[in-house]
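Okay, structure first, notes after.
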2 protein chains.
Amino acid sequence: FTTPLATGRTSTAIFAEDAKINNMIDLDSPKVVNTDTLEAGEKKVYCRCWKSGTFPLCDAAHVEHNKACGDNVGPLIVDAAKAE
Amino acid sequence: FTTPLATGRTSTAIFAEDAKINNMIDLDSPKVVNTDTLEAGEKKVYCRCWKSGTFPLCDAAHVEHNKACGDNVGPLIVDAAKAE
């Protein structure tokens, strides 16, 4: 099924202006908000493709997602400055 | 246009197993990865809906997105522990 929904650039890219992003994480929650605290010097990689098996952390699931639909989403990397 | 793409639960929800998530942020980039450093005691709210005008930070664009397609995505809130 490759017809673009709202606006489509190529017939192969499934592209929808407002397609749902999350189809597996806490689907019963009205809004999935995660909070996390980093210790000084700590670094974590967070998922932004909503397909990670270790959500909210990244497990590289974006690679498969990007390949499947021509997307270009990647993780957020946050670190806490080292204590001086 | 309300026909579900790959799998659909309700006729009103546009739901695609592998629809693109990002249709506005750094579209020329092969993969959008952001890094950020927090100072001790600092807290930031990061976008995960790929619709924020202040990406990678959240500007509540997820509210409109969730309303438009029945999604439930929300931001990631990270803080760096206060220096002892």
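Just so you know, all these numbers are worked out from the coordinates, no wet-lab data involved. Computed from a prediction, not measured in an experiment: that's the story for all the values here. Cβ placement follows ideal geometry from the backbone for every residue including glycine, while neighbour counts extend to all protein chains displayed.
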*Cross-link partners among lysines for A:Lys51, C-alpha distance below 18 Å, same-chain residues fewer than 8 apart left out?*
A:Lys20, A:Lys31, A:Lys67, B:Lys20, B:Lys31, B:Lys51
*Where does each of A:26-39, B:40-53, B:57-70 land if you order them by average Cβ count within 10 Å, highest first?*
B:40-53, B:57-70, A:26-39
_Per-residue ³J(HN,Hα) for the stretch A:76-81, Karplus 6.51 cos²θ - 1.76 cosθ + 1.60, θ = phi - 60°, Hz, x for Gly and Pro_ = 10, 10, 10, 10, 9, 3
